[in-house]
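In what follows, a structure is listed as structure tokens, so that the remarks can point back to it.
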Amino acid sequence: MHPPLYTDALLRIWGTADPPGLRLAGQVDLTNQAALAGHLLAVDRAPADVTVDLDEVTFLNFASLHVLVAFAELLEPGRRLIVHTRTGAVAQMLRACGWDRPEVPLTLLEEIPDD
């Protein structure tokens with residue numbers, strides 16, 4: 001496994017090539033949401049959809065979800081932000097941020113844990 005692109009006391013961010021995007025582990029809050037935004041913008045150079053894997057995220061503050069929605073709105077027409085999560089709360093919070101508006105190119109893929 002490659003070393004993380006970003007590490008702090010709460011969060012680790014790795015780049016992914018197939019699919020292009022990011023994998024996060026830990027907690028995203030006010031102390032590291034700027035790092036999330038910066039790495040999203042760096043990944044945006046890929047011509048394809050951008051995937052963010054939140055399966056290993058245990059906490060995501062509301063402002064960080066707004067970062068994801070705002071990033072999706074910046075994508076060129078025809079591209080989407082695809083978010084993977086195992087947490088129903090993330091889906092509910094994303095809906096509150098307005099990700100499910102038709103003009104926002106964000107797809108949420110929820111996986112139900114086996115436990």
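What follows draws every value from the coordinates through simple rules; no lab data is involved. The structure displayed is predicted, hence computed values, not measured ones. Please note: Cβ atoms are built from the backbone with ideal geometry, for glycine as well, and neighbour counts cover all protein chains shown.
Restricting the calculation to Cα positions, tell me the Rg (one decimal) and the Dmax (whole number) of segment 1-75 in Å.
Looking at segment 1-75, its Cα Rg and Dmax stand at 11.4, 32 Å.
Once the Cα gyration tensor of segment 68-115 is diagonalised, what are the square roots of 5 times its eigenvalues, in whole Å and ordered largest first, as equivalent ellipsoid semi-axes?
21, 11, 7
Give the percent of DSSP beta bridges with both residues in segment 6-110 that are antiparallel, rounded to the nearest 5.
Taking every DSSP beta bridge within segment 6-110, about 35 percent pair in antiparallel fashion.
Starting from one equal scatterer on each C-alpha and no solvent at all, send me the Debye-based log10 I(q)/I(0) for segment 17-115 at q = 0.12, 0.14, 0.15 Å⁻¹, two decimals.
-0.33, -0.46, -0.53
Students often get this wrong: which residues of segment 53-73 have the backbone nitrogen under 12 Å from the point 7 angstrom along Cα-to-C-beta of residue 37?
What the label zone holds, given the 12 Å backbone N cut-off, is 63-71.
Do you know the relative contact order of the chain, to the nearest whole percent, from alpha carbon pairs under 8 angstrom that are 6+ apart?
21
Long-range amide H contacts for residue 106: which residues qualify at under 5 Å (H placed 1.01 Å from N, peptide plane, sequence gap of 5 or more or a different chain)?
Amide H neighbours of residue 106: 81.
What ranking do 44, 53 get, fewest neighbouring Cβ atoms within 10 angstrom at the top?
Fewest-to-most Cβ neighbours within 10 Å comes out as 44, 53.
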